[in-house]
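The values are calculated or read from the model by the stated rules, or taken from the named source; none is laboratory data. Note that the structure is a prediction, hence the values are computed from the model and not measured. With ideal geometry, Cβ positions are generated from the backbone for all residues, glycine too; neighbour counts draw on all protein chains shown.
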Amino acid sequence: MNILTDINFDYTLRIVALGSAILGALSGALGAFAVLRKQSLIGDTISHAALPGIAVAFFFTGNKTTTILLIGAALSGWLATLFILGIVKATRIKLDSALGLVLSVFFGFGLVMLTFIQKRPDANQAGLEKFLFGQAATLLAADVQMMAILAGVAVLALMLLWKEFKLLSFDEDFGATQGFAMNRINLMLTTLLVVAIVLGLQTVGVVLMSAMIVAPAAAARQWTDKLSTMVLLSAVFGVAAGVSGSLLSSRIPKLPTGPTIVLCISTVVLFSIFVAPARGLLWRWLRRRRNRRQFRAEAVLLDLMDMARHHPNLEHPHAAAVLHTLNLDGRAVRNSLAELAERELVRPAGAGLWSLTQAGIAEAQQLERRFQAED
Amino acid sequence: MQPQVEIQLIAAVVAVACALPGVFLVLRRMAMMSDAISHAILFGIVVAFLVVESLGSPFLVFGAALTGVLTVSMVEGLFKTRLVKEDAAIGLVFPVLFSIGVILISRFAGNVHLDIDAVLLGELAFAPFDRLMFNNHDLGPKALWVMGGILLLNIILIVLFFKELKLASFDEGLASALGFSPALIHYGLMSQVSLTAVGAFDAVGSILVVALMIGPPTSAYLLTDRLSRMLSISAAIGVISAVSGYWLAHWWDVNIAGSIATMIGLIFFLIYLFAPRRGVVALLRRRNYQRWHFAESMLAVHLLTHLGQPEEARECHRDEVHKHLNWQENHAKRVVRRALQDGYVHLDKDILRLTAIGKKLAGKAVVE
């Protein structure tokens, strides 16, 4: 109950939780497209590439207002994506190399700028550090307000360009043949992604921002094959992780917000990978087990049928011990016989002997026909 | 040696040591693995630090390198479920390890000198102060010895397994068909990358590790098609950016690692623009040439079709030809001018006639 009263009365916590929720929703929704387009790591590059923008914005304005720094961050993040596109489109360099190169060079240049600024008499760059590692606690009501407005604009753009973004994610070439300006649509989507990432810098920081893009989408992907559901679910996961992460880090001392949010969303991913219906590893494992059992039972049934053919009466009983030697996985024969007996395809004939029933004979013949057809 | 020289030497050695395994990362499309490993290492360093409680222990390096391999196997495991793509798997794994590392630092190691800044950013300027002593003899900076050893190891491994690495990088299917284990080569390379990253991060920070591993090989990739040359060009670009980056930092009094990364970016940008065959300028020139060449071929084919025919005077008149080819008049004029210049056609009383090489051009275009 404590957490509930906290969120009602603790002003700072409310701001931080709200900010994290907005961030989670936006990065979750936009991350879905990045993950589907196999560009998961572009978020990592954009967030690192924001650093020189922050430094340059501060250098020219001498102003440490969040808005101005974030505008700088957005501009250089955007420039970085242009570079990436330019490298991948014009040369044989692959996306991963382009991402790594732009990421490290932009970040390195950002470092140069930061250390350059430090020498100025009026500078103390303490406020800039928070963008590197994120300090959710420094979020102000005004920051959250700005986040809300920008997120609203981004969501609106997402809804207006929904069809185009869908086309881009699933069949870019088809879109181009239909006369859509795919390059421009790509740039629009990337711009929205830049906005989402830049908004997250203050909360989770440069390094962990990439997880906010990839993780909610990767989790949502497991639950659905439909884009709209995936985007929505991804946003919901993002919100859940943002809120629970900020609450946890406020309750437990020495638990930084950004990493806690990342661990929360990663837990959701792990959970989804295991138990999501149809795709989840758990169901896959159960399905595989069921298939294996069925195959074994069929093999035992066919073995019985083969032996029965040597007798005038197809219901002639045979020893389970013989079946053991016929079967590759001898231990499973007992289980298979029990299963077949349950389906009334075989019946025990006493003293470790088993015989086919009429239904079992029919089933075995049907299986044989099926295997012959497959050959 | 003066500290200045020592710093440059360390930077150059780190640059070459990183560039060599980096070549294979770039070729195998796993460049971002270097980013993942260099971030995830934080987790290994913190855990190893909490166990041995000293920053100088070789156990620390070992623990951190192990984390690199752990990262790789976690990415592989996640990818093998087929539930996420490889890029997403990388993006999922390293933030988790990094987060745990950050939380461990803030909970248990808060008052020790082990801050995230140092891991991420590095400070090459301090590297000469940490010296290797033996019997009170000063053997030089420790970083130089560590990275020198790693460089030597990298060279030996690449020379020994050159054939295997080459085969596995360019044709993984053939490599496994011939009996080389792709998994073994993959993990071997990744261990090499982890060890190099751990050794280098201490001196230059994890971001420069990424820059040095990816930047020079990517630049070299635009300059050559030979693996051996790509290795040596990468190493050379690494050394050039290390030394020039140092001086840039020296003049402007800024972070050395950052300015080396900036130089890598600058060198890449120049090569990106001006590489002889694969640069943007060469690409544009080639496209331009192809456009005109195609137009001239079309003109030649048109002229050949009507050569010696009664309608030739009409079809091949210099002021009429654009109508029959369905071209804009200006465009046709420019094509005719180029074709005259290149000697494909000559004028016979305003009638365009093919020369011998013009006929050859038309013939080639028709056959193709």
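With respect to A:E339, is the statement that it is out of contact with any Leu (no Cβ under 8 Å at 6 or more places or on another chain), surrounded by 13 or more Cβ atoms within 10 Å (Cβ to Cβ), in contact (Cβ under 8 Å) with a residue 24 or more places away in the chain and part of a helix (DSSP H, G or I) true?
Numbers: out of contact with any Leu (no Cβ under 8 Å at 6 or more places or on another chain): yes; surrounded by 13 or more Cβ atoms within 10 Å (Cβ to Cβ): yes; in contact (Cβ under 8 Å) with a residue 24 or more places away in the chain: yes; part of a helix (DSSP H, G or I): yes.
Yes; evaluated as a whole, the condition is true for this residue.
Select from the range A:270-302 the residues that are touching a Leu at 6+ places or on another chain (Cβ under 6 Å) and at pLDDT 90 or above and write down the one among them that is nearest to the other protein chains (Cβ to nearest Cβ).
A:I273
Considering only the range A:68-84, I want to know if a residue exists there that is in a loop (DSSP other than H, G, I, E, B) and either within 21 Å of A:I261 (Cβ to Cβ) or not hydrophobic (A, V, I, L, M, F, W, C) (or both). Break it down stepwise before answering.
We begin by selecting, within the range A:68-84, every residue in a loop (DSSP other than H, G, I, E, B); these are none.
No - not one qualifying residue is present in the range A:68-84.
Considering each residue of the range A:281-296, count those that are under 16 Å from A:A338 (Cα atoms) and either of a type in the set (A, V, I, L, M, F, W, C) or touching a Cys at 6+ places or on another chain (Cβ under 7 Å) (or both), and give that number. Before the answer, list the steps.
Here is the first cut: in the range A:281-296, the residues under 16 Å from A:A338 (Cα atoms) are A:290, A:292-296.
Okay, now just the ones that are also either of a type in the set (A, V, I, L, M, F, W, C) or touching a Cys at 6+ places or on another chain (Cβ under 7 Å) (or both), so A:295.
Matching residues across the range A:281-296 total 1.
Run down B:L248, B:L227, B:L231 and say which single residue is surrounded by 14 or more Cβ atoms within 10 Å (Cβ to Cβ), without any contact (Cβ under 8 Å) to a residue 40 or more places away in the chain and either more than 13 Å from chain A (Cβ to nearest Cβ) or more than 23 Å from B:R29 (Cα to Cα) (or both). Write out each step before concluding.
Values: B:L227 fails: without any contact (Cβ under 8 Å) to a residue 40 or more places away in the chain; B:L231 fails: without any contact (Cβ under 8 Å) to a residue 40 or more places away in the chain.
On inspection, the qualifying residue turns out to be B:L248.
Examine the range A:194-210 for a residue that is within 24 Å of A:L233 (Cβ to Cβ), surrounded by fewer than 24 Cβ atoms within 10 Å (Cβ to Cβ), among the hydroxyl-bearing types (S, T, Y) and under 19 Å from the mean Cα position of the chain (by Cα), and state whether such a residue exists.
no
Go through the range B:79-99 and count every residue that is in contact with a Phe, Trp or Tyr (Cβ under 8 Å, 6 or more places away or on another chain), at the interface with chain A (Cβ under 7 Å from one of its Cβ atoms) and assigned to a helix (DSSP H, G or I).
We begin by selecting, within the range B:79-99, every residue in contact with a Phe, Trp or Tyr (Cβ under 8 Å, 6 or more places away or on another chain); these are B:85-86, B:89, B:97-98.
Keeping just the survivors that are at the interface with chain A (Cβ under 7 Å from one of its Cβ atoms) gives B:85, B:98.
From what's left, assigned to a helix (DSSP H, G or I): B:98.
Qualifying residue count for the region: 1.
With respect to A:F59, determine if the residue is surrounded by fewer than 20 Cβ atoms within 10 Å (Cβ to Cβ), assigned to a helix (DSSP H, G or I) and among the aromatic types (F, W, Y).
On the way: surrounded by fewer than 20 Cβ atoms within 10 Å (Cβ to Cβ): yes; assigned to a helix (DSSP H, G or I): yes; among the aromatic types (F, W, Y): yes.
So A:F59 fits the description; yes.
Residues B:I103, B:I155: which one is within 12 Å of chain A (Cβ to nearest Cβ) and at pLDDT 85 or above?
Details: B:I155 fails: within 12 Å of chain A (Cβ to nearest Cβ).
Exactly one residue qualifies, and that residue is B:I103.
So which helices (runs of 4 or more DSSP H) are wholly in the range B:277-328 and hold at least 2 residues that are at pLDDT 90 or above and within 14 Å of chain A (Cβ to nearest Cβ)? Don't jump to the end; show me each part of the working.
Working: elements: B:280-305, B:312-315, B:321-325.
Result: B:280-305.
I'm trying to understand the selection: among the residues of the range B:254-284, which are exposed (fewer than 15 other Cβ atoms within 10 Å of the Cβ) and among the β-branched types (V, I, T)?
B:V281
Do the conditions hold for B:L304, that is, is it of a type in the set (A, V, I, L, M) and loosely packed, with under 14 Cβ neighbours inside 10 Å? Write out each step before concluding.
Values: of a type in the set (A, V, I, L, M): yes; loosely packed, with under 14 Cβ neighbours inside 10 Å: no.
For B:L304, the condition - of a type in the set (A, V, I, L, M) and loosely packed, with under 14 Cβ neighbours inside 10 Å - is not met.
Of the residues B:E329, B:E320, which is surrounded by 15 or more Cβ atoms within 10 Å (Cβ to Cβ), over 30 Å from A:F116 (Cα atoms) and acidic (D, E)?
B:E320
Do we have A:V243 as within 11 Å of another protein chain (Cβ to nearest Cβ) and touching a residue at least 24 places away in the same chain (Cβ under 8 Å) here? Break it down into steps so the answer makes sense when it comes.
On the way: within 11 Å of another protein chain (Cβ to nearest Cβ): no; touching a residue at least 24 places away in the same chain (Cβ under 8 Å): yes.
Spelling it out, it is not the case that A:V243 is within 11 Å of another protein chain (Cβ to nearest Cβ) and touching a residue at least 24 places away in the same chain (Cβ under 8 Å).
Please list, ordered by first then second residue, the pairs with beta carbon atoms under 7 Å, 6 or more apart or interchain, first in the range A:193-218 and at positive phi, second of a type in the set (G, A, S).
Filtered contacts from the range A:193-218: A:G205/A:G134; A:G205/A:G258.
Just checking, does the range A:28-37 include any residue being over 23 Å from A:L140 (Cα atoms), assigned to a loop (DSSP other than H, G, I, E, B), of a type outside the set (V, I, T) and in the same structural domain as A:T115 (by TED's automatic domain parsing)?
From the range A:28-37, those over 23 Å from A:L140 (Cα atoms) are A:29-37; that's our starting set.
Subsequent filtering for residues that are assigned to a loop (DSSP other than H, G, I, E, B) retains A:37.
Adding the requirement that they be of a type outside the set (V, I, T) leaves A:37.
From what's left, in the same structural domain as A:T115 (by TED's automatic domain parsing): A:37.
Within the range A:28-37, one or more residues are over 23 Å from A:L140 (Cα atoms), assigned to a loop (DSSP other than H, G, I, E, B), of a type outside the set (V, I, T) and in the same structural domain as A:T115 (by TED's automatic domain parsing).
Just to be sure, is B:V46 assigned to a helix (DSSP H, G or I), in contact (Cβ under 8 Å) with a residue 40 or more places away in the chain, over 19 Å from B:L208 (Cα atoms) and in the same structural domain as B:L227 (by TED's automatic domain parsing)? Working first, answer last.
On the way: assigned to a helix (DSSP H, G or I): yes; in contact (Cβ under 8 Å) with a residue 40 or more places away in the chain: yes; over 19 Å from B:L208 (Cα atoms): yes; in the same structural domain as B:L227 (by TED's automatic domain parsing): yes.
It is true that B:V46 is assigned to a helix (DSSP H, G or I), in contact (Cβ under 8 Å) with a residue 40 or more places away in the chain, over 19 Å from B:L208 (Cα atoms) and in the same structural domain as B:L227 (by TED's automatic domain parsing).
Kindly evaluate A:S355 against the criterion of being surrounded by 16 or more Cβ atoms within 10 Å (Cβ to Cβ) and either more than 50 Å from the chain's Cα centre (by Cα) or within 30 Å of A:W223 (Cβ to Cβ) (or both). Let's see the steps before the verdict.
Numbers: surrounded by 16 or more Cβ atoms within 10 Å (Cβ to Cβ): yes; either more than 50 Å from the chain's Cα centre (by Cα) or within 30 Å of A:W223 (Cβ to Cβ) (or both): yes.
It is true that A:S355 is surrounded by 16 or more Cβ atoms within 10 Å (Cβ to Cβ) and either more than 50 Å from the chain's Cα centre (by Cα) or within 30 Å of A:W223 (Cβ to Cβ) (or both).
Tell me, please, whether a residue that is modelled with pLDDT under 90, surrounded by 18 or more Cβ atoms within 10 Å (Cβ to Cβ), touching a helix residue (DSSP H, G or I) at 6+ places or on another chain (Cβ under 8 Å) and among the small types (G, A, S) can be found in the range B:84-92.
no
Just to be sure I understand, how many residues within the range B:253-262 are at the interface with another protein chain (Cβ under 9 Å from one of its Cβ atoms) and assigned to a helix (DSSP H, G or I)? Don't jump to the end; show me each part of the working.
First pass over the range B:253-262, keeping only residues at the interface with another protein chain (Cβ under 9 Å from one of its Cβ atoms): B:253-255, B:257-262.
With assigned to a helix (DSSP H, G or I) added as a condition, the list becomes B:257-262.
Result for the range B:253-262: 6.
Based on this model, can you work out whether A:P348 counts as surrounded by 16 or more Cβ atoms within 10 Å (Cβ to Cβ) and in contact with a Phe, Trp or Tyr (Cβ under 8 Å, 6 or more places away or on another chain)? Break it down stepwise before answering.
Details: surrounded by 16 or more Cβ atoms within 10 Å (Cβ to Cβ): no; in contact with a Phe, Trp or Tyr (Cβ under 8 Å, 6 or more places away or on another chain): yes.
The answer is no for A:P348.
How many residues, within the range A:81-108, are closer than 19 Å to B:G205 by Cβ and either surrounded by fewer than 23 Cβ atoms within 10 Å (Cβ to Cβ) or out of contact with any Ser or Thr (no Cβ under 8 Å at 6 or more places or on another chain) (or both)?
Of the residues in that region, 2 qualify.
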